[in-house]
Structure formats: C-alpha cells, structure tokens
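The values are calculated or read from the model by the stated rules, or taken from the named source; none is laboratory data. Just so we're clear, the structure is a prediction, and the values are computed from it rather than from any experiment. Cβ atoms come from the backbone with ideal geometry, glycine included; neighbour counts cover every protein chain shown.
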Amino acid sequence: MIAVKDNSSMRDNAERQAIVSASGIKVYFGAVKALDGADLAIHAGECIGLVGHNGAGKSTIVNVINGGLSPHEGAIAYEGDDYVRGINAARAHGIRCVFQELSLAPNLTVVENMRVVHHGLSGWSWRRQAAAIVRAKLDEVFPGHKIDVMRTVGELSIAERQMVEIAITFCSVGQAPKLVILDEPTSSLDAGLAAQLMAYVRRFVEAGGAVMLISHILGEILSTASRILVMKDGRVVADRVARDFSVNSLVQAMGSVVKEQDRKRRAEERAIAAPILALPSRGGKGLPFEVRKGEVIGLAGLAGHGQTDMLLDLHRSLSSNWLPGGRDKITFVAGDRGLNGTFPLWSILKNLSIASLGDLSKMSLVDRQREQSLGTDWKGRIEIRTPVMENGILSLSGGNQQKVLFARALATTSPIVLMDDPMRGVDIGTKQEVYRILNEEASTGRTFIWYSTEMDEIRLCDRAYVFRDGFIVTELVGDEITEENVLAASFAGEGA
C-alpha cells in the first residue's frame with residue numbers, strides 16, 4: 001500500500017512539473033472546429049513530436065500553448081498554474097516559439113530583431129551584447145553558418161532567416177527557454193543544416209529543456225522525438241513513445257495510407273528528343289542546363305548554391321513584360337509563400353484563379369461561373385481544407401496555403417512548371433497526391449523543373465543537376481540519383 005501511494009505521489013509530482021498542460025481544449029473559427037477537446041502535457045527533458053495532416057489542429061494548439069489564442073473551452077496551465085493567460089504569461093514561464101511563417105522584421109538587422117524579442121538587452125552596449133549572444137548561438141546550432149548578424153534580415157536567404165529565428169529563440173537573455181516549439185523548422189534548410197539543428201535539439205533536451213517538434217518530415221520526428229502525439233480533426237488521437245512508431249504506423253495513425261510511388265523513368269525515351277529549353281553553363285563554369293518535354297528535372301545540392309537563381313533565369317528567359325501571352329509558356333510555384341506566393345488580402349479562390357484569368361475570360365471579362373468551377377475542382381482534387389473558397393487565404397493553415405499555390409500553377413495551361421522548394425509545411429498525404437498529379441502531368445508532356453531540399457523528392461525526378469557555388473557540377477540520371485551521389489557532388493573538391 002505504501003508503494004502504491006509513493007507511485008501515485010510521483011505521478012502527481014510529475015504532472016505538477018509539466019511545463020505546460022492542456023485539457024479539453026476547444027477552439028472555434030465560425031463554423032470551423034479547429035480544436036475539439038485536445039489534451040496534452042509537456043515535461044522538462046523530453047522532445048514531443050507533433051504530427052497530423054494540414055488542418056488537424058497543430059498550429060491552433062501551438063497558439064493556445066504560447067498564449068496567442070484563448071480557448072473557448074478547456075484549461076491551460078503553465079507549471080501547474082492555470083490562473084494565468086496570454087503571451088506574457090507563457091513567456092514568463094519560459095515558452096518560446098519558432099513559427100512556420102517566419103516572424104522576423106525584414107527591415108531590421110539580425111541584432112535589432114534580437115532586441116525586439118529579448119527585452120532584457122538594454123544600455124548603451126546592447127547592440128554589442130546582442131551581436132555576441134546571437135552569433136554564439138548561431139555558432140552552436142549551425143557551425144560554419146557564415147551569417148553576418150549586422151545585416152538586414154531582408155538581405156538574407158529564406159534558409160538564413162530560418163536559422164536566425166531559430167537561434168534567437170534559443171538564446172538566453174535573463175531567462176533560459178524551458179519549452180521551445182519548432183513549427184516546421186527545417187522546411188527551408190538542406191539536409192546538412194537540418195541535421196545540425198536536430199543534433200542541437202537532442203543536446204538541449206538532454207540538458208533538461210523541452211522541445212515540441214512539428215514536422216511533416218517523419219524521419220526527423222522518429223529520430224529526434226522521445227514521445228509522439230498524433231492529431232486528427234482537432235484532437236490528439238495517439239500519444240506514445242517514439243520507438244513504438246514506424247513511418248507506416250505513424251501515417252496510419254494520421255489517417256491516410258502512403259501510396260507507393262511509380263518511379264517509371266522517362267529519361268531513356270526522352271533522351272533522343274530535342275531540348276525544349278537550354279541554358280549555357282553559368283559564368284562559364286560547370287555544365288550547361290537542358291530539359292526535354294515531359295521530363296521532371298531536379299535541382300539538388302546544398303541550399304543557397306544557385307538553384308533558385310537558375311529558376312529565376314529560366315523564368316526570365318520564357319517570360320515577357322511586353323508581349324501578351326508570354327506568361328503562358330511557364331508558371332511558377334513559390335516556396336516562400338509569404339514573400340512571393342500569396343496575395344494576403346484576397347480570397348482563396350482569387351489566389352487560385354489569378355494565373356488562369358486569360359483562360360477564364362471572354363472579351364476581357366472574367367466568367368465567374370467558370371472561375372467558381374475551377375476553384376471547386378481543385379478544392380476537391382488537392383483537398384484544400386476550407387468550407388468555402390471565398391474565405392480569405394490567411395484563414396488557411398500554411399500547408400493549405402501551399403496547396404493553393406500548387407493548384408494555381410497546375411490549373412494553367414503552361415507547358416513548363418517551375419517549383420522552388422514548394423513542399424514546405426505540406427503533409428505527407430498531400431505530398432503523395434501532388435507527386436501523383438505531377439507524374440500524370442509529365443506523362444502527358446508537361447515539364448517540371450523542381451528545386452527541393454528533400455532528398456526523397458529529388459529521387460522522384462528523371463534527372464537531377466547538382467549545384468555547388470552557383471553552377472552545375474554533376475548531372476545524375478535515373479537510379480544514379482541517390483543521397484550519396486548528391487552529397488559527394490556537393491562536397492567534391494573545388495577543382496571539379
């Protein structure tokens with residue numbers, strides 16, 4: 001009897017020591033039930049993996065935990081205190097968050113953004129203090145990063161911005177963070193940078209910190225999390241230690257089945273065809289670029305080595321600011337939807353149809369019925385989670401916003417589709433559906449040029465060009481496209 005009482009006391013003590021706990025949380029957005037009785041608890045010294053399809057409630061529960069959103073029903077407690085509410089209360093209890101949609105001020109320097117987040121930086125020398133702290137944290141999390149902390153954030157690449165926001169969040173100024181919520185933290189990072197971050201997360205947790213890791217890259221979750229929570233339809237439907245899950249069982253718990261990809265290679269049949277698009281070697285270095293009708297071409301290598309510049313060059317070569325209809329030759333799926341993807345003040349439907357207005361118009365007037373039909377068709381095909389397409393684009397989760405950008409591009413008649421790391425924040429079920437659509441479209445002769453930081457996506461391509469230092473160093477075909485070959489080319493000697 002004494003032993004039972006001791007065990008009960010230990011469990012009660014563990015519950016009291018929870019950094020944050022949520023019970024029966026319900027949140028409504030009009031008729032949409034974002035959370036429907038969600039329960040969770042996070043303790044010091046554990047990494048919680050949070051998974052689920054887009055719209056499952058992950059972002060909403062994060063906003064409840066960080067104090068940005070008050071639940072309509074249920075209780076939230078910070079270290080056992082359920083009387084405090086709001087962002088200040090959450091922050092006072094050591095809760096920090098790196099959002100999927102990065103929140104840095106682009107017109108300020110890295111150091112100035114540091115001051116915005118950490119109010120404890122003060123006095124005449126605060127800039128020097130801030131620079132030393134954030135530089136040291138960047139060195140600790142991302143060794144070899146080469147980021148100048150005195151630069152304006154708007155001058156940094158999206159990967160560098162993500163690295164900076166992560167580093168600022170983990171910094172200790174006055175109070176060390178107790179729980180850091182990472183929402184798709186590697187969505188813009190290449191494999192090497194992602195590995196550095198996951199290694200740091202493990203060290204942070206081993207030292208007694210806690211992390212909630214939200215990622216659609218299930219391998220990251222399985223290799224880093226100590227416990228995994230699966231959300232579906234606004235509730236936690238599974239809560240088990242990570243070793244109890246595999247990729248397949250995790251996907252099944254989320255409510256979908258991973259479809260095996262048909263990796264038919266079109267390279268051999270396309271090899272004899274003439275290129276429909278070609279660019280000479282960049283700056284007189286490396287290999288030239290060419291693509292044939294119906295190919296899926298991957299742009300691989302470490303992030304920031306010229307892949308996005310190549311896409312921009314290709315877009316410029318087939319676009320015209322003067323000739324009507326020039327835009328019809330090529331379309332673009334942006335990865336940084338906040339910067340160059342969505343129109344934030346427009347509806348979901350308007351964001352989707354904007355690239356197809358030429359096909360939807362008659363005598364310069366948009367046929368609203370055809371526009372509605374287009375929206376309804378793609379809402380179903382790519383499963384955009386919204387009651388009506390007239391809702392604002394920002395009413396959608398980040399992953400669903402990305403679906404709209406895919407639908408916008410694929411709904412056009414453009415024969416060439418450029419994709420700039422477009423799967424950021426997209427769940428595995430949607431990825432599989434997009435892969436299927438891409439394969440079908442390529443089989444009919446549509447051409448895709450695809451930059452991705454995810455090796456599994458590059459392996460789906462017919463050919464891959466590996467970039468280093470701004471130019472193409474290797475071309476891989478078919479089964480040659482492996483992570484080992486891409487990494488070997490990425491880190492080969494400078495004489496290549």
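So, residue 139, is that one within 30 Å of residue 483 (Cα to Cα) and either exposed (fewer than 15 other Cβ atoms within 10 Å of the Cβ) or of a type in the set (Gly, Ala, Ser) (or both) or not? Answer is yes for this residue. Within the range 364-376, residues that are farther than 14 Å from residue 390 by Cβ have Cβ atoms under 8 Å from residues that are at pLDDT below 85 in these pairs: 366/357; 366/360; 367/360; 367/361; 370/360, counting only partners at least 6 apart in sequence or on another chain.
For residue 403, the conditions (1) out of contact with any Asp or Glu (no Cβ under 8 Å at 6 or more places or on another chain); (2) surrounded by 14 or more Cβ atoms within 10 Å (Cβ to Cβ); (3) within 23 Å of residue 334 (Cβ to Cβ) all hold with the exception of (1). Just one residue in the set 211, 110 is in contact with a Cys (Cβ under 6 Å, 6 or more places away or on another chain) and either not hydrophobic (A, V, I, L, M, F, W, C) or not assigned by TED's automatic domain parsing to the domain that holds residue 305 (or both); that residue is 211. All of 154, 86, 94 fail the test of being in contact (Cβ under 8 Å) with a residue 12 or more places away in the chain, surrounded by fewer than 18 Cβ atoms within 10 Å (Cβ to Cβ) and closer than 30 Å to residue 234 by Cβ, apart from 86. The residue of the range 351-372 that is farthest from the chain's Cα centre (by Cα), among those that are among the polar types (S, T, N, Q) and closer than 26 Å to residue 340 by Cβ, is 361.
Would you confirm whether any residue within the range 435-451 is crowded, with 22+ Cβ neighbours inside 10 Å and not in a strand (DSSP E or B)? No, the conditions are met nowhere in the range 435-451. The residues in the range 126-163 that are more than 14 Å from residue 304 (Cβ to Cβ) and assigned to a helix (DSSP H, G or I) can be counted, and the count is 18. What do you reckon, is residue 246 surrounded by fewer than 20 Cβ atoms within 10 Å (Cβ to Cβ), of a type in the set (Ser, Thr, Tyr) and modelled with pLDDT under 90? Answer is yes for this residue. Quick check: anything in the range 388-404 assigned to a strand (DSSP E or B), in the same structural domain as residue 298 (by TED's automatic domain parsing) and farther than 13 Å from residue 54 by Cβ? Yes - at least one qualifying residue is present in the range 388-404. Scanning the range 55-96 for residues that are assigned to a loop (DSSP other than H, G, I, E, B) and either among the acidic types (Asp, Glu) or not assigned by TED's automatic domain parsing to the domain that holds residue 35 (or both), which turns out farthest from the chain's Cα centre (by Cα)? My answer is 82. Per the conditions (1) within 27 Å of residue 217 (Cα to Cα); (2) surrounded by fewer than 20 Cβ atoms within 10 Å (Cβ to Cβ); (3) modelled with pLDDT under 80; (4) small (Gly, Ala, Ser), the sole criterion not satisfied by residue 253 is (3).
Considering (1) touching a residue at least 12 places away in the same chain (Cβ under 8 Å); (2) surrounded by fewer than 20 Cβ atoms within 10 Å (Cβ to Cβ); (3) out of contact with any strand residue (DSSP E or B) (no Cβ under 7 Å at 6 or more places or on another chain), the lone condition that residue 233 does not fulfil carries the number (3). The set of residues from the range 408-423 being part of a loop (DSSP other than H, G, I, E, B), touching a helix residue (DSSP H, G or I) at 6+ places or on another chain (Cβ under 7 Å) and buried (at least 23 other Cβ atoms within 10 Å of the Cβ) comprises 422, 423. Out of the residues in the range 347-376 that are in a helix (DSSP H, G or I), in contact with a helix residue (DSSP H, G or I) (Cβ under 6 Å, 6 or more places away or on another chain) and not hydrophobic (A, V, I, L, M, F, W, C), state the one that is modelled with the highest pLDDT. Filtering first and then ranking leaves 351.
Going by the conditions given, is residue 344 modelled with pLDDT under 75 and exposed (fewer than 14 other Cβ atoms within 10 Å of the Cβ)? No, not satisfied.
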